[in-house]
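Novice: Sharing a structure, written as structure tokens. Questions coming.
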Amino acid sequence: MITDITRRKLLGLLGSSAVIAGTTSFPFSVKAGKSTTAHIVVVGGGFGGATCVNYLHRFDPNLKITLIEPAKTFVTCPFSNKVIAGMQKISSIQFNYTKLAAQPNVTVVHDTVIDIDTDSKKISLSAGKKLPYDSVVLSPGVSFRWGKIKNNDLASTAIFPHAWKAGEQTILLAKQLQTMPDGGTFIISVPGGPFRAPPAPYERASLAAYYLKKNKPKSKILILDSSDSFEEQALFQQAWNKLYPDMIEWVAGTAGGKITRIDTKNKQVFAGSTAHKGDVINIIPPQQAGTIAIKAGLSNKNGWCEVKQPSFESMKARSVYVIGDACIAGDMKKLGHAANSQAKICAASIVSSLHGITMPEPVYNSSVYSVLSPKYAISSASVFRLKAGSISIISGGLSELKASKKTHRREASFAKGWYKSITSEMFLG
Ligand SMILES: Cc1cc2nc3c(=O)[nH]c(=O)nc-3n(C[C@H](O)[C@H](O)[C@H](O)COP(=O)(O)OP(=O)(O)OC[C@H]3O[C@@H](n4cnc5c(N)ncnc54)[C@H](O)[C@@H]3O)c2cc1C
């Protein structure tokens, strides 16, 4: 069991830019001017991909790097729950690639990868161009397993938004809450299996409660969960009792929380034969690796990509690396901070092997803040090392149940620091 002091030290360490920047973990870089002809293509400019471009360039400024990302504006999922609750504008979580693209030897192409030929080492773009690569890093995030819940298809998200990829869906869900009548019910359906950001559905419920308590205090929030327990459950439930008494009801999977069918016309969801009617309904669909990783044949039967450690090279194709939510990373959860840490280790591994440098033993880290009101946050932080080839947690800790109001207030402010730090690493400030 980790002590409070160790935990505080750990949080301080993880919050410090030195470790987020990875400089303590990877004390090497190849001098500018040393010749290298390798071309590294990075697919996806989110938490894993943008960070990987930054670190590949830092470790070896001579590398030719091409980032392929369809969107000119990236909208972060972290802090998107704050946008849904009206605490921040969407513009505060939007970033562009201008600074990354201004780096020497870095090119950003706004297009979608539609195929990867891992034999001829060529990538096909939707615009028709083919790009040769020496190594390719994929960080395409998740895709949704449409139809796992009956009637849950792309069209249904115009009425029951997922808001699990930030952007238009975030705005839609925020608008629906704004127009919900006072006394209405907001339903959140939480999927089973591994999914992006395990604490985020409960953070969403908390911040929606913050908004509703202020604006529509007779309203209720119903969380229908596929599972029988969730991350940091005691901390969340304690906060709900303190901040939003009687407003949030959580239903475990075996108690009727597992949704099997939806009916957008009548605004109903079904757990077996039990119907729940909602005024605003947020279905978070079951997930798998981003479509391109599956199309390229990199996923297993469950839809996730197995990779070797410490390189993150695919088990299925040489010189192809998969990081972020799409990969199976041992004890690490599918989080932006995990993707950031994996990106640095993957970049270090690629540069090490290109230059015949021995790769330092990696230390992986990840932390996540859940903001439950503007002045109340909780957190979890973990450090990992390789054990028998698998990423294994070696230490970590959670906010304490007996933490004071002041501590929770400080955590809410640390969350802002974390966000600034991690997005600076992606988009260079
Ligand atoms: C509501 C919510 C709150 C969250 N809060 C937190 C938090 O507080 N802390 C935290 O650590 N994590 C949080 N997360 C999780 C975090 O957003 C993800 O874990 C993180 O985005 C994963 O990074 P990634 O690089 O794998 O995917 P992403 O960041 O989603 O990036 C994937 C990129 O790949 C691009 N792409 C996909 N397919 C292609 C293709 N074929 N060609 C080219 N590009 C492609 C996409 O356009 C996208 O830009 C949250 C998630 C949600 C939903």
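Novice: Could you list, ordered by first residue, the pairs with Cβ atoms under 8 Å in which the first is in segment 400-429 and assigned to a loop (DSSP other than H, G, I, E, B) and the second is of a type in the set (K, R) and at pLDDT 95 or above, at least 6 apart or interchain?
Specialist: From residues that are assigned to a loop (DSSP other than H, G, I, E, B), the pairs are L428/K99; G429/K99.
Novice: Can you report the number of residues in segment 57-73 which are buried (at least 21 other Cβ atoms within 10 Å of the Cβ), within 13 Å of the ligand (Cβ to nearest atom) and not in a strand (DSSP E or B)?
Specialist: Looking only at that region, the number is 1.
Novice: May I pose another question? Go through T51, T76 for me and flag whichever is more than 7 Å from the ligand (Cβ to nearest atom) and either surrounded by fewer than 19 Cβ atoms within 10 Å (Cβ to Cβ) or closer than 20 Å to H337 by Cα (or both).
Specialist: Just one listed residue meets the conditions, T51.
Novice: Here is a further query. For segment 156-208, name all the residues that are touching a Pro at 6+ places or on another chain (Cβ under 8 Å) and charged (D, E, K, R).
Specialist: Correct list: D182 only.
Novice: Same structure, new question: From the list K64, K122, K82, K99, which one is closer than 30 Å to P201 by Cα and either in contact with an Asp or Glu (Cβ under 8 Å, 6 or more places away or on another chain) or modelled with pLDDT of 95 or more (or both)?
Specialist: None of the other options fit; the residue is K82.
Novice: Which one of these is within 14 Å of the ligand (Cβ to nearest atom) and within 30 Å of D117 (Cβ to Cβ): G147, G141?
Specialist: After ruling out the rest, the residue left standing is G141.
Novice: Sticking with this one: Which is modelled with pLDDT of 95 or more and surrounded by 24 or more Cβ atoms within 10 Å (Cβ to Cβ), of S373, S366?
Specialist: Residue meeting the stated conditions: S366.
Novice: Could you list, in sequence order, all residues of segment 398-429 that are away from the ligand (no atom under 15 Å from the Cβ) and either of a type in the set (D, E, K, R) or surrounded by fewer than 20 Cβ atoms within 10 Å (Cβ to Cβ) (or both)? Talk me through it step by step, then tell me what you get.
Specialist: Initial filter on segment 398-429 (away from the ligand (no atom under 15 Å from the Cβ)): 400-410, 428-429.
E400, L401, K402, A403, S404, K405, K406, T407, R409, R410, L428, G429 - these are the residues of segment 398-429 that are away from the ligand (no atom under 15 Å from the Cβ) and either of a type in the set (D, E, K, R) or surrounded by fewer than 20 Cβ atoms within 10 Å (Cβ to Cβ) (or both).
Novice: Looking only at segment 359-379, which residues are touching a strand residue (DSSP E or B) at 6+ places or on another chain (Cβ under 8 Å), within 18 Å of L207 (Cα to Cα) and in contact (Cβ under 8 Å) with a residue 40 or more places away in the chain? Full working, then the answer.
Specialist: Residues of segment 359-379 touching a strand residue (DSSP E or B) at 6+ places or on another chain (Cβ under 8 Å): 361-372, 377-379.
This time we only want the ones that are within 18 Å of L207 (Cα to Cα), so: 368-372, 377-379.
Once the filter is applied, which keeps residues that are touching a strand residue (DSSP E or B) at 6+ places or on another chain (Cβ under 8 Å), within 18 Å of L207 (Cα to Cα) and in contact (Cβ under 8 Å) with a residue 40 or more places away in the chain, segment 359-379 yields V368, Y369, S370, V371, L372, I378, S379.
Novice: Among the candidates G86, G141, G184, which residue alone is under 28 Å from A415 (Cβ atoms) and either surrounded by fewer than 17 Cβ atoms within 10 Å (Cβ to Cβ) or more than 18 Å from the chain's Cα centre (by Cα) (or both)?
Specialist: Within the list G86, G141, G184, the selection yields G86.
Novice: Let me ask you something else. With segment 98-174 as the region, which strands (runs of 3 or more DSSP E) entirely inside it contain at least 1 residues that are in contact with a Phe, Trp or Tyr (Cβ under 9 Å, 6 or more places away or on another chain)? So that I can check it myself, show each step before the final result.
Specialist: On the way: elements: 106-109, 113-117, 122-125, 130-132, 135-138, 142-144.
Ranges flagged: 106-109, 113-117, 122-125, 135-138, 142-144.
Novice: Right, another one. Which condition does I393 not pass, out of (1) touching a helix residue (DSSP H, G or I) at 6+ places or on another chain (Cβ under 6 Å); (2) surrounded by fewer than 24 Cβ atoms within 10 Å (Cβ to Cβ), if it passes all the others?
Specialist: (1)
Novice: Moving on. What strands (runs of 3 or more DSSP E) lie completely within segment 193-305 and have 1 or more residues being over 25 Å from the mean Cα position of the chain (by Cα) and crowded, with 16+ Cβ neighbours inside 10 Å?
Specialist: 220-225, 261-263, 268-271, 274-277
Novice: Report whether or not S373 is within 12 Å of the ligand (Cβ to nearest atom) and over 24 Å from S311 (Cβ atoms).
Specialist: No; evaluated as a whole, the condition is false for this residue.
Novice: Sticking with this one: Can L354 be described as buried (at least 22 other Cβ atoms within 10 Å of the Cβ) and either part of a loop (DSSP other than H, G, I, E, B) or of a type outside the set (V, I, T) (or both)? If you could, list the steps in order and put the result at the bottom.
Specialist: On the way: buried (at least 22 other Cβ atoms within 10 Å of the Cβ): no; either part of a loop (DSSP other than H, G, I, E, B) or of a type outside the set (V, I, T) (or both): yes.
So L354 fails the test.
The values are calculated or read from the model by the stated rules, or taken from the named source; none is laboratory data. Everything quoted here is computed from the prediction, not taken from an experiment. For neighbour counting, all protein chains shown are included, and Cβ atoms are generated from backbone atoms with ideal geometry for every residue, glycine included.
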